[in-house]
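The values are calculated or read from the model by the stated rules, or taken from the named source; none is laboratory data. Keep in mind that what you see is a predicted model, and the values were worked out from it rather than measured. Cβ placement follows ideal geometry from the backbone for every residue including glycine, while neighbour counts extend to all protein chains displayed. When the accessible area is computed, the model is the full protein with side chains, heavy atoms only, and any ligands, DNA or RNA have been set aside. Shrake-Rupley method; radii C 1.70, N 1.55, O 1.52, S 1.80 Å.
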Protein chains: 2
Amino acid sequence: MKPLPLEKAFTLLEPGPVVWVTTNDGQKNNAMTISWTMVMDFTPVFAITTGPWNHSWAALKATRECVIAIPTADMIDDVVGVGMCSGADTDKFERFGLTPMAGGQVRAPLIKQCMANIECRVTDIIEPHGIVVLQGVAAWVAARRKDRRTVHAVGDGTFIVDGERISRRSMMRAKIPPGV
Amino acid sequence: MKPLPLEKAFTLLEPGPVVWVTTNDGQKNNAMTISWTMVMDFTPVFAITTGPWNHSWAALKATRECVIAIPTADMIDDVVGVGMCSGADTDKFERFGLTPMAGGQVRAPLIKQCMANIECRVTDIIEPHGIVVLQGVAAWVAARRKDRRTVHAVGDGTFIVDGERISRRSMMRAKIPPGV
């Protein structure tokens, strides 16, 4: 993994891919699959929606840290698999052969197989809504990787894989944040 | 537009497409382009992040209603165009040739050219974060339409168009909500 300038990190989540959120509760690593995420600011700030029914919730609240790891289309079976079991009774890193890597800012692990990882601190938890607000503090991208296509959950058991990329940079110049 | 069962409406936003949010302040229609959206529940509940710098903010706060309209890849220039001007000085429906249609539940307009529209009521505004929480109350899809590919903003002026769709419905059966 090589460092990605932090001002570019929001571009990893803005397209709405399915992601993993990793935590470490002081004893073990865990990961959950979610697509309920949102960019809230370019600095970057993100929101995720989850709740007490999720095993990662306790670790998010206690440690106030996590990593957003971004898997790719070739990893779809692991993406679904991680989402279908619970950290309460499963070591997901072991079961799915995911390799944890130390980041620089938080104790939650990066995932080596992913296209990118964003280290985050929890800055707010809006309890009645289950919204966790995250400040990205470091970002990493895989240096060499063929498949960079992310997947987008539809919610009905199907997933849309990234297709063609089109540019409107010249039309949008006035609104693209500095450094992006 | 034909009605879409409300329990399926979250599947329109779950993949993270760029959308338009329309409002009507009692005098005129407006639309904004955003990709800062998140599903929060299947019922459906959504969040969007915006703020007072956005002309639609006042209408969202005053009327507590909006429509989430979902454009497709063939409409990319209008998607960008709507995002690059302000309702403060522009009638965006007129300028971009968008056709407003009456929904059944809210005064904000559906957009006829879109692949789908979701009528929403504002149920909460979390001011310090600029998060607007929306309850979907009716959903509509275009009955006949060739291009159903949505676009995903990267945030750097480029957009990813929907590619191949893959199914993991059998793996995910236990977690797919009823009616989806």
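Structure notes:
- Rounded D (µm²/s) - the range A:15-111, Kirkwood Rh over Cα pairs, Stokes-Einstein at 10 °C, 1.306 mPa s: 116
- Its Cα gyration tensor gives chain A an equivalent ellipsoid. The semi-axes, each the square root of 5 times an eigenvalue, are 24, 19, 16 Å from largest down.
- Computed from phi, the 3J(HN,Hα) profile of the range B:165-179 under the Karplus parametrisation 6.51, -1.76, 1.60 (θ = phi - 60°) reads 10, 10, 10, 10, 4, 5, 4, 9, 2, 5, 10, 7, x, x, x Hz, with x in place of Gly and Pro.
- Gyration tensor over the Cα atoms of the range A:105-154: the corresponding equivalent ellipsoid has semi-axes (square roots of 5 times the eigenvalues, largest first) of 25, 16, 8 Å.
- Carbon/sulfur fraction of accessible area - chain B, other protein chains in place, 1.4 Å, %: 50
- Across the options B:HIS129, B:PRO44, B:PRO5, the greatest Cα extent toward the positive end of the charge dipole of chain B (unit charges at beta carbon of Lys, Arg, Asp, Glu) belongs to B:PRO5.
- Inter-copy label distances at B:ARG169 (7 Å, Cα→Cβ; nm, one decimal): 4.0
- Expected 222 nm ellipticity per residue - DSSP helices of 4 or more, -39500 (n - 2.57), all of the protein assembly as shown, to 500: -3500 deg cm²/dmol
- Other-chain or far-sequence residues with amide H under 5 Å of B:THR72's (modelled H): B:MET115
- Annotation: B:ARG121 carries an accessible surface of approximately 90 Å², with a 1.4 Å probe and no ligand, DNA or RNA atoms counted.
- Relative contact order (percent, whole number), the range A:81-180, Cα cutoff 8 Å, 6+ residue spacing: 14
- The range B:46-76-the range A:135-180 distance, computed between alpha-carbon centres (Å): 22
- With the label put 7 angstrom out from Cα along the Cα-to-Cβ vector, B:GLN27 ends up 6.1 nm from the copy partners, going from closest to farthest.
- The residue in chain A that lies nearest, by its beta carbon, to the axis linking chain A with chain B is given here with the distance in whole angstrom as A:GLY16, 1.
- Buried accessible surface for the A/B chain pair comes to about 4900 Å², total over both chains, computed with a 1.4 Å probe.
- Computed over the range B:77-162, Kirkwood Rh from alpha-carbon pairs, angstrom: 15.2
- Most to least accessible of B:LEU110, B:LEU4 (protein chains only, probe 1.4 Å): B:LEU4, B:LEU110
- Listed cross-link partners A:LYS2/A:LYS175; A:LYS92/A:LYS112; A:LYS8/A:LYS61; A:LYS28/A:LYS61; B:LYS112/B:LYS146 are compared with a 19 Å cut-off, the Cα-Cα value being larger for A:LYS2/A:LYS175; A:LYS8/A:LYS61.
- For the range A:18-61, fraction of C-alpha pairs farther apart than 18 Å, in %: 31
- Whole-number percent relative contact order across chain B, with pairs defined as alpha carbons under 8 Å at least 6 apart: 27
- Percent of Cα-Cα distances greater than 25 Å, calculated over the protein assembly as shown: 50
- With its label point defined 7 Å out from Cα along the Cα-to-Cβ axis, A:ILE125 lies at 2.8 nm from the matching points of the other copies, in increasing order.
- Shielding by partners, peptide B:57-68 (average Cβ within 10 angstrom, other chains): 0
- A:LYS112 accessible area, assembled protein chains, probe 1.4 Å, Å²: 120
- Computed from the Cβ-Cβ distance with R0 of 25 Å, the FRET efficiency linking B:ARG95 to B:ARG64 stands at 0.40.
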